[in-house]
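> Sharing a structure below in structure tokens format, with a few things to ask.
The values are calculated or read from the model by the stated rules, or taken from the named source; none is laboratory data. In this text, all values refer to a predicted model and were calculated from it rather than measured experimentally. For neighbour counting, all protein chains shown are included, and Cβ atoms are generated from backbone atoms with ideal geometry for every residue, glycine included.
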Amino acid sequence: MKKFFQKPRNKKILYWLGGIIAFLLIMDNLVLPWYVSSAEVKVPKVIGLNEDEAVKILRDADLYPMVSDTTYDENFPKGSVIVQKPMAGDVVKNGRRVYVFISGGEPYVNVPILKGRSLKEAKLSLGRVGLKLGLVSELASENPKNVIFDQQYAAGTSLRKGESVGITVSIGSFSEGDITVPDLIGKSLAEAEKLLADSSLKVGKVNYQNSFSLLPNTILDQYPSKGNKVNKGTVVDLFVTKTGNETKIIEE
């Protein structure tokens, strides 16, 4: 037996066994009894609260808040808690970590390049990023017919998801005429009709659009635009602020 303890390899085995036994004794007599007997707390609900309020409430409950990733969620205000782990009502030990995920608010997207594209391509491009097609103006220009040559917001502009982007589509060049199209934007529909009549021009399609800042029956846009040279009797399409429940396109 004496020779057994004198061998270095056997001594190492005995040391390892002794260490394992000591570890188990410490766990069984000190760590586990402390953990089992430590105080418990019910996790408070912090979903919907802003980050500072949530952190304070969790700390007051002897818990350890851990602010995790920010996630865009239009259903929660920016900076508020949208998810917590453990969940509200769970019973945990004092000092337990509680992970909270913060809302980044409504998602923002970048306006795509619309210039040089067709109306169909513009709708698809906007739809892919969660934007809508807004007011479509058709104007004479030196650009190819049915091609977009201007857009309301420059490519790369950051907008909230769901917002609208207006575009201007070319219908080609007008044949040169003797009558100059008057400026109708900002005038009332009645004033526009009189100005067109005085210029020997006619009212074309009247397209009603919603507006929260202008009076009803105010001209928002026109086609052809002011300054174009046209022939006598040419029709001018108008975009007018909405009143009541008008939704149809009215044609003369």
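> If you scan segment 82-100, which residues turn out to be over 13 Å from Pro44 (Cα atoms) and surrounded by 16 or more Cβ atoms within 10 Å (Cβ to Cβ)?
Passing the criteria: only Ile82.
> Can you say whether Val109 is surrounded by 16 or more Cβ atoms within 10 Å (Cβ to Cβ), among the hydrophobic types (A, V, I, L, M, F, W, C) and farther than 23 Å from Ser225 by Cβ, as far as the supplied structure shows? If you could, list the steps in order and put the result at the bottom.
Numbers: surrounded by 16 or more Cβ atoms within 10 Å (Cβ to Cβ): yes; among the hydrophobic types (A, V, I, L, M, F, W, C): yes; farther than 23 Å from Ser225 by Cβ: yes.
For Val109, the condition - surrounded by 16 or more Cβ atoms within 10 Å (Cβ to Cβ), among the hydrophobic types (A, V, I, L, M, F, W, C) and farther than 23 Å from Ser225 by Cβ - is met.
> Go through segment 67-81 residue by residue and tally those that are within 20 Å of Val43 (Cβ to Cβ) and in contact with a helix residue (DSSP H, G or I) (Cβ under 9 Å, 6 or more places away or on another chain).
3
> Considering segment 193-217 alone, what residues qualify as being over 17 Å from Thr241 (Cβ atoms) and out of contact with any Asp or Glu (no Cβ under 9 Å at 6 or more places or on another chain)?
Lys194, Leu196, Ala197, Asp198, Ser199, Ser200, Leu201
> Here are some residues: Leu119, Leu131, Leu114, Leu124. Which one is more than 25 Å from Val181 (Cα to Cα) and in contact with a Lys or Arg (Cβ under 8 Å, 6 or more places away or on another chain)? Break it down stepwise before answering.
On the way: Leu119 fails: in contact with a Lys or Arg (Cβ under 8 Å, 6 or more places away or on another chain); Leu114 fails: in contact with a Lys or Arg (Cβ under 8 Å, 6 or more places away or on another chain); Leu124 fails: in contact with a Lys or Arg (Cβ under 8 Å, 6 or more places away or on another chain).
Criteria check complete, one pass: Leu131.
> While we're on this one: Looking at segment 228-240, can you tell me whether even one residue there is at pLDDT below 80, buried (at least 19 other Cβ atoms within 10 Å of the Cβ) and either within 17 Å of Leu135 (Cβ to Cβ) or of a type in the set (A, V, I, L, M) (or both)?
No - not one qualifying residue is present in segment 228-240.
> Could you count how many residues in segment 73-92 are within 16 Å of the chain's Cα centre (by Cα) and not acidic (Asp, Glu)? Step through it out loud before you land on a result.
Of all residues in segment 73-92, those within 16 Å of the chain's Cα centre (by Cα) come to 73-79.
Now drop any that are not not acidic (Asp, Glu), which leaves 75-79.
Count: 5.
> Identify, by number, the condition in (1) within 15 Å of Asn231 (Cα to Cα); (2) β-branched (Val, Ile, Thr); (3) surrounded by 14 or more Cβ atoms within 10 Å (Cβ to Cβ) that Ile148 doesn't meet.
(1)
> Six or more apart or on different chains, Cβ atoms under 7 Å: show the pairs whose first residue is in segment 188-200 and under 17 Å from Asp178 (Cβ atoms) and whose second is of a type in the set (Val, Ile, Thr) and not in a helix (DSSP H, G or I).
These pairs meet every condition: Leu196/Val203; Leu196/Val236; Ser199/Ile179; Ser200/Ile179.
> If you go through segment 65-93, how many residues are of a type in the set (Asp, Glu) and more than 13 Å from Gly104 (Cβ to Cβ)? Spell out the reasoning first.
Of the residues in segment 65-93, the ones of a type in the set (Asp, Glu) are 69, 73-74, 90.
Filter once more, so that each one left must be more than 13 Å from Gly104 (Cβ to Cβ): 90.
Adding up the residues that qualify gives 1.
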